[in-house]
1. Taking residue 84 and the conditions (1) assigned to a helix (DSSP H, G or I); (2) within 28 Å of residue 143 (Cβ to Cβ); (3) free of Cβ contacts under 8 Å to residues at least 40 places away in the same chain; (4) under 17 Å from the mean Cα position of the chain (by Cα), which numbered condition does it fall short on, given that it satisfies the others?
2. Applying the selection to the range 44-61, what residues are under 19 Å from residue 106 (Cβ atoms) and either surrounded by fewer than 16 Cβ atoms within 10 Å (Cβ to Cβ) or outside the structural domain of residue 80 (by TED's automatic domain parsing) (or both)?
3. Would you confirm whether any residue within the range 9-16 is at pLDDT 90 or above, over 16 Å from the mean Cα position of the chain (by Cα), surrounded by 13 or more Cβ atoms within 10 Å (Cβ to Cβ) and assigned to a helix (DSSP H, G or I)?
4. Looking for whichever is free of Cβ contacts under 8 Å to residues at least 24 places away in the same chain and in contact with a strand residue (DSSP E or B) (Cβ under 9 Å, 6 or more places away or on another chain) here; the options are 53, 10, 72. Which one fits?
5. Report whether or not residue 142 is modelled with pLDDT under 90 and either surrounded by 13 or more Cβ atoms within 10 Å (Cβ to Cβ) or under 16 Å from residue 62 (Cα atoms) (or both).
6. Output the residue which, of all residues in the range 18-43 that are touching a residue at least 24 places away in the same chain (Cβ under 8 Å) and surrounded by 13 or more Cβ atoms within 10 Å (Cβ to Cβ), is farthest from residue 135 (Cα to Cα).
7. From the list 102, 73, which one is under 22 Å from residue 52 (Cα atoms) and either in the same structural domain as residue 44 (by TED's automatic domain parsing) or in contact with a helix residue (DSSP H, G or I) (Cβ under 8 Å, 6 or more places away or on another chain) (or both)?
8. For the range 105-131, enumerate the residues that are in contact with a helix residue (DSSP H, G or I) (Cβ under 8 Å, 6 or more places away or on another chain), within 19 Å of residue 51 (Cα to Cα) and either in a strand (DSSP E or B) or touching a residue at least 40 places away in the same chain (Cβ under 8 Å) (or both).
């Protein structure tokens, strides 16, 4: 214990940085645990679609969507999504909604908007289409 006190006394800046990092890790964990929006993997996506009739919403660019997407995915342009224009999805408000983007990064802000708009259960495909492709799962192409 004396060594910790000595370290803190000799290195106050490092000690503060360490405390900030620990706080950020703990708060991030709590935030993800109690968030209304959950990150899921490709296998969980498949289970939600098959068991709970979840709707997959692809928010990538139209050309990426056309080139390859998850079967039965609905396209929602990122511009509409960022403006909270969810008119196309209103009929699916009570169903689970799974957002898919290219890497899983863009979807979080849109997921928050969906949740605020009253959608009951919103999920994000962790890793986006890259994780779907890495898992070797099927895609469809064309319109």
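The values are calculated or read from the model by the stated rules, or taken from the named source; none is laboratory data. Model, not experiment: these values are computed from the prediction. For neighbour counting, all protein chains shown are included, and Cβ atoms are generated from backbone atoms with ideal geometry for every residue, glycine included.
1. Against the list (1) assigned to a helix (DSSP H, G or I); (2) within 28 Å of residue 143 (Cβ to Cβ); (3) free of Cβ contacts under 8 Å to residues at least 40 places away in the same chain; (4) under 17 Å from the mean Cα position of the chain (by Cα), residue 84 comes up short only on (1).
2. Correct list: 61 only.
3. Checking the range 9-16: at least one residue is at pLDDT 90 or above, over 16 Å from the mean Cα position of the chain (by Cα), surrounded by 13 or more Cβ atoms within 10 Å (Cβ to Cβ) and assigned to a helix (DSSP H, G or I).
4. Within the list 53, 10, 72, the selection yields 72.
5. Values: modelled with pLDDT under 90: yes; either surrounded by 13 or more Cβ atoms within 10 Å (Cβ to Cβ) or under 16 Å from residue 62 (Cα atoms) (or both): yes.
Yes.
6. Filtering first and then ranking leaves 36.
7. 73
8. Result: 122, 123, 124, 125.
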